[in-house]
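Here's the structure, in structure tokens; my notes come after.
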Amino acid sequence: MDLKDYESLLKKTENVLSKSNLNQQRLQIPDPDIMQEGKVTIVRNFMDIVEVVNRDPKHISKFLMTEFGIGVTINGKRLTINRKISADQISSKIKQYMDSYVTCYECNSPDTEIQKIGRTYVLACKACGAQHPIRIAADVKSDDSTIEEGKQYTVEITKIGNSGEGRAFYRGFNIFVPGVKKGETVRVSIKKLRNNTAIAEVIDREKDLNK
């Protein structure tokens, strides 16, 4: 595939991703409105945050309880945390929750739902149709990580696009790889990079990587 073909594919991928990216930009999580009384922290707008995140408040509160290692209680629209916690710490944990239980691992859309398939809970995306087992917060890679043109990375192809290109999600980037099959693990070289979209070329395949 020559440079013109890569440019053409990159343009197509931008159109595919534009809707989901717009949805992601529109999702604005309110900053925690906190007050501290003695040794406890009260998040006064907890239910406002829950409404935007669009998840069960009990699920979110349980996540925060596990992450902070302290008891929490929902009181009406408020969340009480049995320890002094800063607003920045709460925002950081909400972001971790979003990364694990809300944001699509493929297209970054927040238009998802949690489903149980057999014994496995998966994150199902209504925007791109992707389904992936839920990743716990400790397994989520930082979106601040990056990839660079000309460098090589090992990725898993999780989907085949309408134009026949393979798709992988790595370090916050949607990577489009021609000539691969769904489920393959391949070593790729990044040829073109724009925003959070990349076009890559296969260098090695799984059977070669395992030698």
Original post:
Only one of (1) surrounded by 17 or more Cβ atoms within 10 Å (Cβ to Cβ); (2) free of Cβ contacts under 8 Å to residues at least 40 places away in the same chain fails for Phe169. Which number is that?
Top reply: (2)
Original post:
Hey, does the stretch 162-179 have a residue that's closer than 17 Å to Ile199 by Cβ, at pLDDT 90 or above, β-branched (Val, Ile, Thr) and in a loop (DSSP other than H, G, I, E, B)?
Top reply: no
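Which is modelled with pLDDT under 90, in contact with a strand residue (DSSP E or B) (Cβ under 7 Å, 6 or more places away or on another chain) and among the β-branched types (Val, Ile, Thr), of Thr112, Thr120?
Thr120
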Original post:
Filter the stretch 52-75 for residues that are β-branched (Val, Ile, Thr) and within 18 Å of the chain's Cα centre (by Cα); which is surrounded by the most Cβ atoms within 10 Å (Cβ to Cβ)?
Top reply: Ile60
Original post:
Can you name the residue in the stretch 180-208 that is touching a strand residue (DSSP E or B) at 6+ places or on another chain (Cβ under 6 Å) and not in a strand (DSSP E or B) and, of all such residues, is nearest to Thr103 (Cα to Cα)?
Top reply: Asn196
**OP:** Sort through Lys58, Lys4, Lys11, Lys19 and tell me the only one that's under 30 Å from Cys128 (Cβ atoms), modelled with pLDDT of 95 or more and not hydroxyl-bearing (Ser, Thr, Tyr).
**Re:** Lys58
**OP:** Scan the stretch 147-163 residue by residue and report those that are of a type in the set (Gly, Ala, Ser) and farther than 18 Å from Glu184 by Cα.
**Re:** Gly150
**OP:** Only residues that are under 18 Å from Phe63 (Cβ atoms), crowded, with 18+ Cβ neighbours inside 10 Å and among the hydroxyl-bearing types (Ser, Thr, Tyr): list them for the stretch 93-138, please.
**Re:** Tyr97, Ser100, Tyr101, Thr103, Tyr105, Thr112
Original post:
Which condition number does Glu148 fail, the rest of (1) closer than 21 Å to Phe173 by Cβ; (2) touching a residue at least 40 places away in the same chain (Cβ under 8 Å); (3) surrounded by 12 or more Cβ atoms within 10 Å (Cβ to Cβ) being met?
Top reply: (3)
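The values are calculated or read from the model by the stated rules, or taken from the named source; none is laboratory data. Remember, predicted model here, so these are calculated numbers, not experimental data. For neighbour counting, all protein chains shown are included, and Cβ atoms are generated from backbone atoms with ideal geometry for every residue, glycine included.
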